[in-house]
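J.: What follows is a structure written as structure tokens; I'll ask about it next.
The values are calculated or read from the model by the stated rules, or taken from the named source; none is laboratory data. Just so you know, these numbers come straight off a predicted model, no measurement behind them. With ideal geometry, Cβ positions are generated from the backbone for all residues, glycine too; neighbour counts draw on all protein chains shown. SASA here: full protein model, heavy atoms, side chains in, ligands and nucleic acids out. Shrake-Rupley method; radii C 1.70, N 1.55, O 1.52, S 1.80 Å.
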Amino acid sequence: VVAGAVILANAWYLVTVIAGIGRPQFPEADPDFRLIGFYAGAAMWLTDAVFGYVIWRVGSMARWVGLALAVGSLFAFTGMDRLELVRGDLAWFWMPAAQAGVAVNGLAWIVLGVTVATRRRSAAVTPAGEPAAKSAARR
């Protein structure tokens, strides 16, 4: 369920980025489209964080990658313009923290992809494709 939500949220954000090409850019007014983009971005960062938390809790893959994805996504979320953390009195902290969160999020996705692509097959099936019980009985 969480993986499906992540896929949908990231696809929604991608669509808003592509649809935003040629539209008025900040500081020109485009309040309706920017609000949709904010919701798409919030959904993306928060579902990424939940997905990272699930990976960390389940521990089926590299747990530290899940933790990095969760924490990085939450910090990246703080950089969203409508939250106004990157423009307030504490912008000196939130701006680099949000940028570091985006970087950690991206690196975590790359490492997660490499981990999934290179992990070994389940122990229940041997490389020859026969069940492990038969293979053990032959030994």
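J.: Tally the residues that are over 17 Å from ALA100 (Cα atoms), open to solvent by less than 40 Å² (accessible area, probe 1.4 Å) and not hydrophobic (A, V, I, L, M, F, W, C), restricting the search to region 36-72.
T.: 3
J.: I'm told ALA108 meets every condition in (1) in a helix (DSSP H, G or I); (2) at pLDDT below 90; (3) among the aliphatic types (A, V, I, L, M) except one. Can you identify the failing condition by its number?
T.: (2)
J.: Taking MET61 as meeting all but one of (1) at pLDDT 90 or above; (2) in contact with a Ser or Thr (Cβ under 6 Å, 6 or more places away or on another chain), write down the number of the exception.
T.: (1)
J.: Out of region 78-122, which residues are closer than 21 Å to ALA40 by Cα, β-branched (Val, Ile, Thr) and open to solvent by less than 50 Å² (accessible area, probe 1.4 Å)?
T.: THR78, VAL86
J.: In addition: Can you find, within region 1-34, the residue that is nearest to ASN105 (Cα to Cα) among those that are surrounded by 10 or more Cβ atoms within 10 Å (Cβ to Cβ) and among the β-branched types (Val, Ile, Thr)?
T.: Checked region 1-34; the qualifying residue nearest to ASN105 (Cα to Cα) is VAL6.
J.: Within the set of pairs 6+ apart or on separate chains, which have a first residue in region 6-23 that is farther than 14 Å from TYR39 by Cα, a second that is among the charged types (D, E, K, R), and C-beta atoms under 6 Å apart?
T.: Final answer for the pair search is ARG23/ASP30.
J.: Another question, then. Among the residues of region 59-90, count how many are polar (S, T, N, Q), more than 13 Å from ASP48 (Cβ to Cβ) and assigned to a helix (DSSP H, G or I).
T.: Of the residues in region 59-90, 0 are polar (S, T, N, Q), more than 13 Å from ASP48 (Cβ to Cβ) and assigned to a helix (DSSP H, G or I).
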